[in-house]
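The values are calculated or read from the model by the stated rules, or taken from the named source; none is laboratory data. All figures in this text were calculated on a predicted structure; none of them were measured in a lab. Here Cβ is always computed from backbone atoms with ideal geometry, including for glycine, and neighbour counts include all displayed protein chains.
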Amino acid sequence: MDMPTTPTPDASNDRPAAQRSAVKPARGPARGASTMGAIHRSLRAEIVEMRRNPGEPIVEKHIAEAFGVSRTPVREAVLRLADEGLIEIFPQVGTFVARIPVNALPEAIVIRTSLEGTAVRYAAQRATGSQIAGLRANLLLQQETVEDGDLNAFHEADERFHALIAEIAGYPGLWSMAQQVKVQVDRYRRLTLPEPGRLTNVLAEHAAIVDAIADADPALAADRMAVHLDGLLTSIPQAQGANLFFFTGP
């Protein structure tokens, strides 16, 4: 494994974790496994949402101070994140947020497309009027976040949109499986959201999917889902070129 390039110094990295808004200490006197779980969820969200950039140091002491705990649960959370490929540990060097493995992205996107293609086919066959109304309400929420320029809120509404399709299909587990394989894709995708016109295009693709579901056309719904997710494949080179240090691989 290549040694990480020393990240460019940043003022936010010099501050203790207790002073960083990204770290959200657990409330109350949680201890043991619950404390480790809270730390894991907090760090994982920060990494996946790109609030901790690839290559950024992970300082266990600062995190422990922020949560008011010993370093033991912090270490356990870090090891778990390392198993998930989100953190890299270099003995005698340090612990860092892992860079995004560009070679793993295409396969993850293909798997997600297969899972969601199945879900949207069933959704088009089974959707009720009220369920279609629920999808359209979600589209309105997405539109509001686009108008507000709120990337985090848009991402949350986007995730809910895809979860709704799996629920309407009657197979919510398909979305759960997709979530497991798309962790690195989510990190990369965060880099694409600020691109001019990106949110508007995604919203239009979502609307086209809903129209196909409303028309009870499984084949068209699956085709539109594939087109929607294929955009993630075609955008990889551009995102990598604009953020070279954030990625590993050619």
TODO: Could you figure out which of (1) crowded, with 16+ Cβ neighbours inside 10 Å; (2) within 20 Å of Thr145 (Cβ to Cβ) isn't true of Asn201?
DONE: (1)
Open item on the list: Being of a type in the set (Gly, Ala, Ser) and surrounded by 17 or more Cβ atoms within 10 Å (Cβ to Cβ) is the requirement here; does Ala219 meet it?
Closed with: no
Task: Subset of segment 127-174 that is surrounded by 15 or more Cβ atoms within 10 Å (Cβ to Cβ), under 17 Å from the mean Cα position of the chain (by Cα) and touching a residue at least 60 places away in the same chain (Cβ under 8 Å) - its residue that is farthest from Ala204 (Cα to Cα) - done: His155
Task: In segment 195-217, residue modelled with the lowest pLDDT [restricted to those that are of a type in the set (Asp, Glu) and under 26 Å from Pro237 (Cα atoms)] - done: Glu195
Task: Qualifying residue in segment 45-62 (condition: part of a loop (DSSP other than H, G, I, E, B), within 29 Å of Leu233 (Cα to Cα), modelled with pLDDT of 95 or more and acidic (Asp, Glu)) - done: yes
Task: Test for Asn53: is it of a type in the set (S, T, N, Q), surrounded by 14 or more Cβ atoms within 10 Å (Cβ to Cβ) and outside the structural domain of Ala222 (by TED's automatic domain parsing) - done: yes
- [ ] Kindly indicate which of Val74, Val69 is out of contact with any Pro (no Cβ under 8 Å at 6 or more places or on another chain), part of a helix (DSSP H, G or I) and among the β-branched types (Val, Ile, Thr).
- [x] Val74
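Condition check ((1) modelled with pLDDT under 95; (2) outside the structural domain of Phe154 (by TED's automatic domain parsing); (3) among the aliphatic types (A, V, I, L, M)) across all residues:
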{"residue": "Arg20", "(1), (2), (3)": "yes, yes, no"}
{"residue": "Ala26", "(1), (2), (3)": "yes, yes, yes"}
{"residue": "Arg31", "(1), (2), (3)": "yes, yes, no"}
{"residue": "Phe67", "(1), (2), (3)": "yes, yes, no"}
{"residue": "Ser70", "(1), (2), (3)": "yes, yes, no"}
{"residue": "Glu88", "(1), (2), (3)": "no, yes, no"}
{"residue": "Ile111", "(1), (2), (3)": "no, no, yes"}
{"residue": "Leu115", "(1), (2), (3)": "no, no, yes"}
TODO: Select from segment 50-65 the residues that are at positive phi and in contact with a strand residue (DSSP E or B) (Cβ under 8 Å, 6 or more places away or on another chain) and list them in ascending order.
DONE: Gly55
Open item on the list: Can you pull out every residue in segment 163-207 that is of a type outside the set (A, V, I, L, M, F, W, C) and within 15 Å of Leu115 (Cα to Cα)?
Closed with: Glu167, Gly170, Tyr171, Pro172, Gly173, Ser176, Gln179, Gln180, Lys182
